[in-house]
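The values are calculated or read from the model by the stated rules, or taken from the named source; none is laboratory data. Bear in mind that the values here come from a model prediction, so they are computed numbers and not experimental data. Positions of Cβ are generated from backbone atoms using ideal geometry, with glycine treated the same way; all protein chains shown enter the neighbour counts. For accessibility, only protein heavy atoms count, side chains too; no ligands or nucleic acids. Shrake-Rupley method; radii C 1.70, N 1.55, O 1.52, S 1.80 Å.
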Amino acid sequence: MQCPVCHYTNSRVLESRSAESGKSIRRRRECLQCQHRFTTYERIEFVPITVMKRDGKRESFDRSKLLRGMVRACEKTGLSASDLESIIDEIEAELQQRSQREIPTQEIGELVLQRLKSLSEVAYVRFASVYRQFQGIRDFAEALNHFQRDCENGKAVELAPNSEDSASSCEDSAIEAPPSLCSASLLGSQH
């Protein structure tokens, strides 16, 4: 490591410790020529992820933008900020593991839905309504009817309304509903 004072390239490590919650290593060093002490950090280098928007635009993956959307969907559901942060950490780690560097927003939305379905039915439906662009109460009613039919038939649940003219096309992606999502009380029926 090059000394920031004399630019000599050899130094010795005096101390190493974990930093940033284990995401980096902080090293205290001493230059072997001028004895200047300095600190370096060792981090994993992440290759940037590009998100392909529905309108064709591309932008860098922004975890804070994803977090804002999830916070809105999870308001008053009892999910903590740390739950949401860990979901985003999982999603970001999964995206970093892929060889593909351009990810469509649809795939990111599906990853969020997969994780929300086991944590909160309300957050799951709220997020899906924005992500799948529900246009009104009819789309919610169709989605809930679809839930009920598919749960009764033991099939996977699809959150897109059935109407052909709806703007909520989801490329035929099916999502399995948690068992409690099929409860009669959630669908407004009486026991």
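Every residue, every condition in (1) within 27 Å of S21 (Cα to Cα); (2) at pLDDT 90 or above; (3) among the polar types (S, T, N, Q), yes or no:
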site	(1), (2), (3)
D55	no, yes, no
A81	yes, no, no
D89	yes, no, no
S99	yes, no, yes
S118	yes, no, yes
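For segment 57-74, give me each residue that is touching a residue at least 12 places away in the same chain (Cβ under 8 Å) and open to solvent by 50 Å² or more (accessible area, probe 1.4 Å).
Within segment 57-74, R58, S60, R63, V71, R72 meet the criteria.
For segment 97-105, does any single residue satisfy the condition of being farther than 22 Å from S129 by Cα, of a type in the set (D, E) and within 20 Å of the chain's Cα centre (by Cα)?
Yes, some residue in segment 97-105 is farther than 22 Å from S129 by Cα, of a type in the set (D, E) and within 20 Å of the chain's Cα centre (by Cα).
What number of residues within segment 28-56 are under 30 Å from Q106 (Cβ atoms) and open to solvent by 90 Å² or more (accessible area, probe 1.4 Å)?
Total meeting the criteria: 6.
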